[in-house]
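Novice: Mind having a look at this structure? Questions to follow.
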Amino acid sequence: MFCFIGSICLAAAALQVSAGSRALTRVGCEHNIVSLSCGRGQVIHVISAYYGRRDTSTCSAGRPWNQLTNTNCARSVTGRVAQMCNFQSSCSVRATNSEFGDPCGGTFKYLKSTYKCVSKYSRLTNVACEHGTAFLRCGRGRVIRVILAYYGRRDTTTCSAGRPWNQLQNTNCLRSVTGRVAQMCNNRNSCSVKATNSQFGDPCGGTFKYLKIIYSC
């Protein structure tokens, strides 16, 4: 067991989504459709998703070099894909600029989604980078119960893409926002929460923060 600031404790197992299940990755080239699916009795839980380009090889067939060279092009779209797919047995997401915006004009992009297939009774984790939005959703006939939520930074890797080191190094930055998120989301089938200082205050000026929410249905 570990504790957050203010003696907020939670068993480590509660942070894991169906620890025994295997993470699956699906990639769709720009203009194509990414299909996520799970077996009978299981539903999708999106772990991460980005739209853009991080290497020169993925979705490169037949493309001129100038459309592949920008590998520092990635927009986190985890919240959006989670909103579309979480708690569905299958879903299809189109990899287009109209769906996700264009993080790098002139570059041929792709959508990469990582997810697990979980029991609909699992505890789920949702992360939204600062200025983004966390989308929580339960299956039909079920409602959200927020277990824990915090806003700040506890590691140097989460929501770090494209950020300078000085915005990531303070990992002792944490504000419990469980009550606030519970007030917004509990007993609802779905809800969205913006990860902003105006919503939760600023626990550490100059640090790029994120909102982490653990909930069950």
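Novice: Over the stretch 18-120, consider all pairs of different Cα atoms and compute the Kirkwood hydrodynamic radius from their mean reciprocal separation; express it in Å, one decimal.
Specialist: 14.0 Å
Novice: Okay, next question. Under a plain spin-label model, where a point goes 7 Å from the Cα along Cα-to-Cβ, how far apart in nm are Ser216 and Thr133?
Specialist: Output for this residue pair reads 2.8 nm.
Novice: Rounded to the nearest 0.05, what FRET efficiency do Ser35 and Asn72 give with R0 = 30 Å and r taken as the Cβ-Cβ distance? Could you check?
Specialist: The pair Ser35/Asn72 has a calculated efficiency of 0.60.
Novice: Using R₀ = 30 Å, calculate the FRET efficiency as 1/(1 + (r/R₀)^6) where r is the Cβ-Cβ separation of Arg54 and Ser198; round to 0.05.
Specialist: 0.45
Novice: Still on this model: DSSP loop chymotrypsin sites (Phe, Trp or Tyr not before Pro) in the stretch 66-144 with at most 13 other Cβ atoms within 10 Å of their Cβ, which ones?
Specialist: Qualifying residues, ordered by number: Tyr121.
Novice: While we're here: Is the shape of the chain rounded, prolate or oblate, going by the alpha carbon gyration tensor and its root eigenvalues a ≥ b ≥ c, with a/c under 1.5 for rounded and a/b larger than b/c for prolate?
Specialist: oblate
Novice: Right, something else. Taking only Cα atoms and a 10 Å spring cutoff, compute GNM fluctuations for the chain and point out the largest among Gly28, Gly152, Gly106.
Specialist: Among Gly28, Gly152, Gly106, the largest GNM mean-square fluctuation belongs to Gly106.
Novice: A further question follows. Working out 0.36 nm times the residue gap between Gln88 and Arg154, then minus their Cα-Cα distance, what length gain in nm do you get to one decimal?
Specialist: 20.7 nm
Novice: Residue separation times 0.36 nm, minus the C-alpha to C-alpha distance between Arg145 and Asn166: what's the value?
Specialist: The Arg145-Asn166 span can extend by a further 4.1 nm.
Novice: Under a cut-off of 26 Å between alpha-carbon atoms, report the lysines in cross-link reach of Lys212, not counting same-chain residues fewer than 8 places apart.
Specialist: Lys112, Lys116, Lys120, Lys194
Novice: List the trypsin sites (Lys or Arg not before Pro) within the stretch 108-217 that DSSP assigns to loop and that have no more than 13 neighbouring Cβ atoms inside 10 Å.
Specialist: Within the stretch 108-217, the qualifying trypsin sites (Lys or Arg not before Pro) (loop, at most 13 other Cβ atoms within 10 Å) are Arg140, Arg188.
Every number in this text was worked out from the coordinates using simple rules, so none of it is lab data. Note that the structure is predicted; figures quoted are calculated from it, not measured. Neighbour counts are summed over all protein chains in view; Cβ atoms, including those assigned to glycine, are modelled from backbone coordinates with ideal geometry.
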